[in-house]
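Working notes, structure below.
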Amino acid sequence: MKKIKIGLAGLGNVGRGVYEILQKDKDLLTQRSQAQFEVVAVSARSKKDFIDAQIKFYENAIDLANDANVDVVIEVIGGDKVAKELLEASLKNNKKFVTANKQLLAEQGFSIAQLLEKTNSSIGFEAAVAGGIPIIKQFKEGLAANEIQEFYAILNGTCNFILTKMQNEKLDFALALKQAQDLGYAEADPTFDIKGIDTAHKLVLLSSIASATKPAFAQLHVEGIDEVTIDDINLADALGYKIKLLATYKKLPEGLQQTVYPALISVKEKIAQVDDSFNAVMVKAENADCNFIVGRGAGKLPTASAIVADLVDIALNRSSFLFNVKSEQLAEANIINISQREGKYFLRLLINKEAAQKTDLAKAIFGEKIKAEKAQFLDRGDEVLCGFVTDSQKEETVLEAIKNFDSDLVKSAKFLRVEETGF
Ligand code: HSE
């Protein structure tokens with residue numbers, strides 16, 4: 001029986017999960033891979049007592065790449081410096097590499113794709129996107145016979161957990177974040193989660209596979225959930241929507257839309273019903289039509305499950321190009337500016353109460369060009385908090401209207417986008 005010897009870099013939540021699965025699911029994994037996996041070396045900032053004392057311990061992760069006994073290096077340390085060095089040193093020493101590092105691949109994916117081809121190697125990164133959901137396999141293999149036209153995705157467990165807690169339990173943002181951290185969902189730096197950066201990293205990876213383009217992280221429009229308030233959630237709820245941090249990809253004649261923002265989604269749509277730390281991806285594919293997949297997007301065992309699946313691929317010699325085509329075939333991504341987005345908009349306006357009693361308030365606010373399709377009001381003493389959903393408009397038109405609001409009538413204004421997945 002073939003033995004595959006593993007060097008595990010990082011003994012945090014996910015590293016522990018990998019170690020646990022390799023022990024508890026040993027027999028199943030051996031049957032499916034015709035190999036035996038053994039962790040022979042680990043590295044972490046400090047020695048952890050759950051790891052067998054016989055296993056070699058390194059303080060410096062790079063030592064794993066130089067250990068002749070290691071066949072596969074698993075990188076779950078995150079970040080873009082040591083992880084990149086470890087990747088390069090591992091490939092140089094002919095080791096296989098598995099990573100959960102979305103930041104590294106989203107920000108430096110093109111040069112990594114070139115390096116992989118130069119060294120005739122491949123890497124597994126199923127764990128980098130949507131935790132336990134096998135979405136990389138779905139995009140690369142399951143939907144190989146399709147052009148992916150659109151997808152809508154919830155890709156950050158921490159944000160979905162926080163928004164769900166705010167919606168269902170009216171929990172304060174900071175407390176909900178603390179709970180997500182305690183459950184091991186959040187990044188080492190949780191601003192990556194709540195500012196939408198982590199979602200954007202994952203979106204970029206899926207988009208590059210979908211469109212055969214170079215990862216274009218720096219060009220994306222990215223907003224997080226840190227400015228979503230309970231008022232927004234309550235108004236959206238009264239209007240029939242939930243707020244989700246949504247990654248959107250659309251292949252349009254004028255270019256690619258790749259965006260991350262908190263969006264209002266009708267409660268009738270399937271993706272709006274995905275709560276807690278669950279992630280979901282709704283894909284519209286040329287031939288397969290709609291695919292909708294839901295699963296745990298973060299956490300110890302779900303993320304480790306994806307890493308171990310990559311180990312099984314290694315054992316069975318299954319490999320693919322990083323973004324599914326040769327790096328020389330990856331085109332520049334032509335990203336559409338957010339000002340050209342077309343869709344409905346949610347406006348939260350604080351309005352003078354006397355003026356709000358006018359019969360045609362929406363017309364007084366928006367004029368002729370923009371129509372309000374729905375409205376809800378929350379009483380605020382001398383003022384009224386209004387939630388409007390407009391008809392479909394270009395974003396620049398909505399921004400122009402906001403700029404020209406009558407300041408005697410509208411005391412404050414904020415907008416969010418409404419997304420219609422049609423599924
Ligand atoms: N911080 C990430 C999340 C972990 O909450 O989804 C999984 O990538």
Does the range 164-178 hold any residues that are away from the ligand (no atom under 12 Å from the Cβ) and either in contact with a strand residue (DSSP E or B) (Cβ under 8 Å, 6 or more places away or on another chain) or closer than 24 Å to A304 by Cβ (or both), and which are they?
T164, Q167, K178
Kindly provide the set of residues from the range 257-295 that are at pLDDT 95 or above and of a type in the set (S, T, N, Q), ordered by number.
Q257, Q258, T259, S266, Q273, N279, N287, N291
Under the condition of being open to solvent by less than 10 Å² (accessible area, probe 1.4 Å) and not aliphatic (A, V, I, L, M), which residue from the range 182-201 is nearest to G124 (Cα to Cα)?
H201
Taking L143 and the conditions (1) in contact with an Asp or Glu (Cβ under 8 Å, 6 or more places away or on another chain); (2) closer than 17 Å to V283 by Cα; (3) open to solvent by less than 30 Å² (accessible area, probe 1.4 Å), which numbered condition does it fall short on, given that it satisfies the others?
(1)
Subset of the range 295-308 [open to solvent by 30 Å² or more (accessible area, probe 1.4 Å) and either among the hydroxyl-bearing types (S, T, Y) or not in a helix (DSSP H, G or I) (or both)]
R296, S305
β-branched (V, I, T), more than 21 Å from I314 (Cα to Cα), away from the ligand (no atom under 16 Å from the Cβ) and surrounded by fewer than 22 Cβ atoms within 10 Å (Cβ to Cβ) - does that describe any residue in the range 50-59?
yes
By residue number, the members of the range 213-264 that are among the small types (G, A, S), open to solvent by 10 Å² or more (accessible area, probe 1.4 Å) and over 23 Å from V325 (Cβ atoms) are G224, A238, G240
Cβ-Cβ distance below 6 Å, separation of 6 or more or different chains: which pairs start in the range 291-303 with a residue that is away from the ligand (no atom under 11 Å from the Cβ) and end on one that is open to solvent by 40 Å² or more (accessible area, probe 1.4 Å)?
F292/K270; V294/F278
Find the helices (runs of 4 or more DSSP H) located wholly in the range 62-151 whose residues include 2 or more that are within 24 Å of K251 (Cβ to Cβ) and within 16 Å of the ligand (Cβ to nearest atom), and list them.
102-118
Scanning the range 184-219 for residues that are of a type in the set (A, V, I, L, M), touching a helix residue (DSSP H, G or I) at 6+ places or on another chain (Cβ under 9 Å) and over 24 Å from P134 (Cβ atoms), which turns out nearest to the ligand (Cβ to nearest atom)?
I194
Mind listing whichever residues of the range 28-47 are over 20 Å from D71 (Cα atoms) and open to solvent by 70 Å² or more (accessible area, probe 1.4 Å)?
L28, R45, K47
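The values are calculated or read from the model by the stated rules, or taken from the named source; none is laboratory data. As the structure is a prediction and not an experimental result, all values here were calculated from the model. Neighbour counts are summed over all protein chains in view; Cβ atoms, including those assigned to glycine, are modelled from backbone coordinates with ideal geometry. What goes into the accessible areas is simple: the full protein's heavy atoms, side chains included, and nothing from ligands, DNA or RNA. Shrake-Rupley method; radii C 1.70, N 1.55, O 1.52, S 1.80 Å.
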